[in-house]
1. Scan the stretch 221-241 for residues that are surrounded by fewer than 16 Cβ atoms within 10 Å (Cβ to Cβ) and either under 24 Å from the mean Cα position of the chain (by Cα) or farther than 27 Å from TRP14 by Cβ (or both) and jot them down.
2. Could you list, in sequence order, all residues of the stretch 156-202 that are among the polar types (S, T, N, Q) and touching a helix residue (DSSP H, G or I) at 6+ places or on another chain (Cβ under 8 Å)?
3. Within the stretch 107-160, how many residues are in a loop (DSSP other than H, G, I, E, B), closer than 17 Å to ARG93 by Cβ, touching a residue at least 24 places away in the same chain (Cβ under 8 Å) and not charged (D, E, K, R)?
4. Could you tell me which residue of the stretch 283-304 is most open to solvent (accessible area, probe 1.4 Å), considering only residues that are touching a helix residue (DSSP H, G or I) at 6+ places or on another chain (Cβ under 7 Å), without any contact (Cβ under 8 Å) to a residue 60 or more places away in the chain and not aromatic (Phe, Trp, Tyr)?
5. Somewhere in the stretch 29-48, is a residue under 22 Å from THR280 (Cα atoms), open to solvent by 30 Å² or more (accessible area, probe 1.4 Å) and at pLDDT below 95?
6. Out of the stretch 161-176, which residues are in contact (Cβ under 8 Å) with a residue 24 or more places away in the chain, surrounded by fewer than 18 Cβ atoms within 10 Å (Cβ to Cβ) and under 23 Å from PHE351 (Cβ atoms)?
7. Identify, by number, the condition in (1) in contact with a Phe, Trp or Tyr (Cβ under 6 Å, 6 or more places away or on another chain); (2) open to solvent by less than 10 Å² (accessible area, probe 1.4 Å) that ILE183 doesn't meet.
Amino acid sequence: MICKKKILIAPLNWGLGHASRCIPIIKALLEANFEPIIASDGEALTLLQKEFPSLKTYTLPSYNISYTKRGFFLKFKLLQKIPSVYKAVKKEREKVAQIIKKEAISGIISDNRFGVFSDKIPSVYITHQLKVLSGLTTTITSALHQHIIKKFDECWVPDVNKNPTLSGKLSHLKHSNIRIKYIGGLSRFKPCKTPKKYKYSLMILLSGPEPQRTLLETKLVTELKNYDKKTLIVRGVVNRKNALDIQAENVDVVDYLLSEELAQKIHQSELVISRSGYSTIMDMAALNKKVFFIPTPGQVEQEYLAKKFNLEKIAPYCKQHLFTLKELDKTKYYKGFVYKKEVFDKKLFNFFESK
């Protein structure tokens, strides 16, 4: 009996985006006759456990990163968290070494987890942020992230290396000595035909760390009191027990949906409101949807991406504190995503034969 090679795949627990974009990689590993072993923490780990109940999982130390209520202070809070993140990464490395030894791991795929790598086996880092936008400190934050990436054997970028791109300047450097492979957009969804009649006029797809997820949810629920069209709210929470109290017969609410059902609901929705996080963008592009973006306050990357697609007349956006439902009228002047999803190339896994 031939034993399957075990690949440790570990997404960052920062909202659900890093976990969701690992779903097509895990499926591709299974199809290529590897045995994926999942490691993460919090809701990211819970989501993947629900998507792949038969796979073995491990809990990694949490980075415990959260947002501020005011976006202006986010950068300062993240700077304050550096010492605690460093300690978590150190513990993470120790945990990963234990998993490698216990499970006889043959390769590693880390999605933005700094300590999930090994000098002894092939280690891949997934990111769309070769350049980390942070205002006046962009040069410093980009250099620090690139220093981390260099500890890995390869960096897989979920985008293409030619226009049109989804990530713009985030994933494309003029000069770099990082071993980069552009692997095409990563989405758990497959495109299908537009329905003749939509079930929902509006779908609200919430995501991201607290407290900003809840702040946006509260604002949108207030706006919906005067909205008479059929609406679906997907809260983007996996482990919460508190229900969303909304007094409106035309609004359906779910905490989260697994990939197949979520794709179906998105297809049934005429318009989607969401954050402009990169994983969400890849999903919307894969489904060729019309979207209205509300970037997370203080997250420069999301603000850049929202402005990018606004300039390209793909999707309008609005700052969170300025949003009203009247803003959705802008979408009639935008074309929405028209994107050809590339098939994930399983030949990338040949890399795990390299050491």
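1. Across the stretch 221-241, the qualifying residues are LYS225, ASN226, ASP228, LYS229, ASN239, ARG240, LYS241.
2. Of everything in the stretch 156-202, those that are among the polar types (S, T, N, Q) and touching a helix residue (DSSP H, G or I) at 6+ places or on another chain (Cβ under 8 Å) turn out to be SER167, SER176, SER187, THR194.
3. Qualifying residue count, the stretch 107-160: 8.
4. LYS290
5. Yes, the conditions are met somewhere in the stretch 29-48.
6. Selection gives LEU173, SER176.
7. (2)
Residues are listed down the side, and each one gets a yes or a no for (1) modelled with pLDDT of 95 or more; (2) within 15 Å of the chain's Cα centre (by Cα); (3) farther than 22 Å from SER274 by Cα; (4) open to solvent by less than 50 Å² (accessible area, probe 1.4 Å):
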| residue | (1), (2), (3), (4) |
| --- | --- |
| LEU16 | no, yes, no, yes |
| PRO24 | yes, yes, no, yes |
| LYS27 | yes, no, yes, no |
| SER66 | no, no, no, yes |
| PHE72 | no, no, no, no |
| ILE100 | yes, no, yes, yes |
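The values are calculated or read from the model by the stated rules, or taken from the named source; none is laboratory data. This one's a predicted model, so the numbers in the text were calculated from it and none came from an experiment. Positions of Cβ are generated from backbone atoms using ideal geometry, with glycine treated the same way; all protein chains shown enter the neighbour counts. Heavy atoms of the whole protein, side chains included, go into the accessibility calculation; ligands, DNA and RNA do not. Shrake-Rupley method; radii C 1.70, N 1.55, O 1.52, S 1.80 Å.
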